[in-house]
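Engineer: Below is a structure I'd like to ask you about.
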Amino acid sequence: MPSKNTKFYSLILILADIVVLLAAFGLAYILRVQYDPRPLLANVYAWEYFRAFLLITPIWIIVFATLGLYRASTYNRRLVEWSKVALGVFIGILLVIGWEYISDDRLFPARLAAAYALVGAFVLVVIERELLRTFRSLLFRFGYGISRVLIIGNSAATRDIAESLANTKLSGYEIVAIAGPKKAVPDGLGIHHFRSVEKALTEITHLGVTTIIQTDLYDSDDRNQQILNAAQINHIHYNFIPGEAEFYAGKNTIDVFLGYPMISVSQTPLIGWGAIVKQVFDFVVATLLVIILSPLFLLLITMQKIFNPGPAFYVSKRLSQFSKPVNLIKFRSMGAQYGKKDAEEEFKEMGRHDLAAEYRKHRKVANDPRITRFGHFLRITSLDELPQLFNVVRGDLSLVGPRPILPQEVKFNPTRAALLHSVKSGVTGLWQVSGRSNLSFEERIELELFYARNWSFWLDIKILFKTIAVVFRKQGAK
């Protein structure tokens with residue numbers, strides 16, 4: 001819901017970033033040339049240096065924009081913003097060094113100047129954005145630049161949006177009224193409540209409303225048109241947010257069909273070039289990991305033969321993208337006699353009806369008696385998952401994605417499973433790194449549906465780094 005204020009703030013960020021980046025480049029030059037007596041690689045005069053980076057800085061701004069650093073969803077989340085600034089600065093320095101290599105034209109007078117520029121740009125951009133964030137919060141606190149909002153709707157989204165925007169100094173929105181049932185009004189918000197939409201529209205001027213957010217379309221076309229007309233007549237912003245998540249999840253495109261605006265809703269944003277880039281990334285990284293980890297594979301196979309006699313690998317039929325069956329490869333962690341039936345049946349045959357009930361609820365158990373001592377070691381270290389890299393190389397799985405489910409698990413929620421399989425299943429995913437291993441099957445599905453609906457390459461990178469962290473800490477979902 002970009003408003004005039006958010007667009008203006010984004011423009012301020014762009015201008016401030018330009019000034020700060022130029023300052024970082026200048027500081028790097030001064031530190032290396034004037035305060036370091038060691039000889040330089042090239043004599044780059046100050047004016048030539050400044051002119052070069054005056055031309056390069058817009059490219060850095062484009063990199064920042066590509067990473068989403070000028071979107072409210074990024075600059076309103078401090079840690080996300082810092083990490084993207086770090087990535088943007090790193091990419092920018094790589095571009096400069098790459099240009100030097102290709103053109104054989106020295107831009108930095110010495111290699112250390114590039115290091116100074118890298119560190120300086122990150123530190124100064126972060127400080128600049130923190131100062132702007134503080135100043136913006138002060139303005140919001142004193143009532144400057146705030147959008148006064150009237151929310152109209154009857155769905156759960158109406159209350160959720162009101163609660164999310166309630167902290168004015170962070171959101172920049174002040175909820176002044178809600179038109180809808182009493183249940184849509186959050187407790188303790190202290191705002192005007194109208195049961196009648198028509199009554200709320202007559203109070204727009206008196207309440208100083210500058211933005212209308214509608215979360216439901218009414219059965220009456222005249223009523224919907226009345227809301228839109230009220231916004232147009234009073235020259236205020238009008239936003240429609242569908243109360244059903246399916247209408248705005250995934251990737252939406254707007255086109256004209258037979259003279260009418262048509263919204264096409266995809267199940268996931270992982271389509272087009274994004275899917276191609278993800279597939280290439282998966283293949284390259286998985287192939288490199290298989291080569292690098294090949295000595296570890298040989299060691300684990302040998303240890304498996306010694307401590308856990310039987311087949312080294314366990315192959316399980318799972319469902320991946322578009323519910324396509326794939327043979328999931330793992331190091332065998334259970335006794336050789338197990339794993340041939342559904343776990344619930346095997347627990348019942350063992351006389352462990354308590355474990356069967358636990359598995360029926362969570363699709364896993366905390367203390368599985370079928371797992372051997374060496375298998376327990378493989379699981380707590382996540383080494384049993386390594387052979388899935390071969391699945392990634394073959395194209396069965398992705399490095400990051402929803403957990404590949406068993407065929408019999410589809411029956412628990414066929415609609416959700418179909419949406420889950422709009423993307424390729426992964427070796428690791430959002431559920432595995434969430435740090436919560438006591439979720440029910442339905443809760444895990446909801447968490448992974450969020451990934452399918454909100455995929456981005458940046459989200460994949462974050463999950464991969466988190467996976468490394470939870471593996472070393474022996475935390476996360478097991």
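Read-outs throughout are calculated quantities, based only on the coordinates presented, and are distinct from any laboratory measurement. Note that the structure is a prediction, hence the values are computed from the model and not measured. All Cβ positions, even for glycine, are placed from backbone atoms using ideal geometry, and neighbour counts span all protein chains on display.
Engineer: So what's segment 167-223 giving for Cα Rg divided by 2.2 N^0.38 Å, two decimals? Intermediate results must be reported in sequence, preceding the final value.
Structural biologist: On the way: Rg = 12.1 Å, N = 57, 2.2 N^0.38 = 10.2 Å.
This ratio for segment 167-223 stands at 1.19.
Engineer: Additional query: Out of 275, 309, 355, whose Cα points farthest toward the positive end of the dipole of the chain (charges: +1 Lys, Arg; -1 Asp, Glu; placed on Cβ)?
Structural biologist: 309
Engineer: What's the percent breakdown of Cα-Cα distances in the chain across 10 Å bins, shortest bin first?
Structural biologist: 4, 15, 20, 21, 19, 14, 6, 1, 0
Engineer: For segment 81-174, which chymotrypsin sites (Phe, Trp or Tyr not before Pro) are both in a DSSP coil and crowded by at most 11 other Cβ atoms within 10 Å? Mind showing how you got there, number by number?
Structural biologist: Details: sites: 82, 90, 99, 101, 116, 122, 135, 140, 142, 144, 173; in loops: 142, 144.
Sparse-neighbourhood loop chymotrypsin sites (Phe, Trp or Tyr not before Pro): 142, 144.
Engineer: Just to be sure I understand the rule: take each whole DSSP H helix in the chain, project its Cα atoms onto its long axis, keep it if the span is 15 Å or more and its mean Kyte-Doolittle hydropathy is at least 1.6. Which ones pass? Write down the numbers at each step before the final one.
Structural biologist: Values: long enough: 4-33 (44 Å, 1.54); 46-66 (30 Å, 1.40); 78-103 (37 Å, 1.28); 111-141 (45 Å, 1.05); 221-233 (18 Å, -0.97); 273-292 (28 Å, 1.92); 294-307 (20 Å, 1.51); 441-453 (18 Å, -0.37); 457-473 (24 Å, 1.31).
Correct list, ordered by number: 273-292.
Engineer: Per residue of the chain, what 222 nm ellipticity follows from adding -39500 (n - 2.57) for every DSSP H run with n ≥ 4, rounded to the nearest 500?
Structural biologist: On the way: 19 runs with 252 residues, N = 478.
Estimated from H runs of four or more residues: -17000 deg cm²/dmol.
Engineer: Using DSSP to define loop residues, name the trypsin sites (Lys or Arg not before Pro) in segment 140-211 whose beta-carbon has at most 15 other beta-carbon atoms within 10 Å.
Structural biologist: Details: sites: 141, 148, 159, 169, 182, 183, 195, 199; in loops: 195.
Those satisfying the criteria are 195.
Engineer: Working out 0.36 nm times the residue gap between residue 473 and residue 277, then minus their Cα-Cα distance, what length gain in nm do you get to one decimal?
Structural biologist: Numbers: separation 196, 0.36 × 196 = 70.56 nm, distance 3.02 nm.
Roughly 67.5 nm would be gained on extension.
Engineer: Find the centroid of the Cα atoms in segment 312-354 and in segment 383-404, then give the distance between the two in whole Å.
Structural biologist: 16 Å
Engineer: What's the whole-number percent of alpha carbon pairs in segment 4-141 lying beyond 22 angstrom?
Structural biologist: On the way: 3631 of 9453 pairs.
So the portion of pairs separated by more than 22 Å is 38 percent.
Engineer: Counting other C-beta atoms within 10 Å, which of 353, 421, 237, 206 has the fewest, and how do the rest follow?
Structural biologist: On the way: 353 11, 421 22, 237 16, 206 8.
Fewest-to-most ranking of 353, 421, 237, 206: 206, 353, 237, 421.
Engineer: Grab the beta carbon distance between residue 322 and residue 142, set R0 = 51 Å, and tell me the FRET efficiency rounded to 0.05. It would help to have the intermediate numbers written out before the result.
Structural biologist: Values: r = 54 Å, r/R0 = 1.06.
Result of the calculation: an efficiency of 0.40.
Engineer: Can you list which of the trypsin sites (Lys or Arg not before Pro) found in segment 24-112 are DSSP loop residues with at most 12 other C-beta atoms within 10 Å? Don't jump to the answer; show the numbers that get you there.
Structural biologist: Values: sites: 32, 51, 71, 77, 78, 84, 106, 111; in loops: 71, 77, 106.
Those that pass, being in a loop and sparsely packed, are 77.
Engineer: Work out the length of the dipole vector of the chain about its Cα centre, built from +1 on the beta-carbon of each Lys and Arg and -1 on the beta-carbon of each Asp and Glu, and round it to the nearest 20 debye.
Structural biologist: On the way: 55 positive and 40 negative charges, 266 e Å.
The dipole of the chain has a size of about 1280 debye.
Engineer: Which value in Å is the Kirkwood Rh of segment 147-243 over different Cα pairs? Can you show the working numbers first?
Structural biologist: Values: mean 1/r = 0.0763 Å⁻¹.
Over segment 147-243, the inverse of the mean reciprocal pair distance is 13.1 Å.
Engineer: Under the 0.36 nm per residue contour assumption, what length would be gained going from the current alpha-carbon distance of residue 299 and residue 76 to full extension? Don't skip to the answer; put the middle values down first.
Structural biologist: Values: separation 223, 0.36 × 223 = 80.28 nm, distance 4.73 nm.
Full extension of this stretch gives 75.6 nm more.
Engineer: Can you sort 219, 36, 460, 105 from fewest to most other Cβ atoms within 10 Å of each residue's own Cβ?
Structural biologist: Details: 219 7, 36 15, 460 23, 105 11.
Least to most surrounded, the residues fall as 219, 105, 36, 460.
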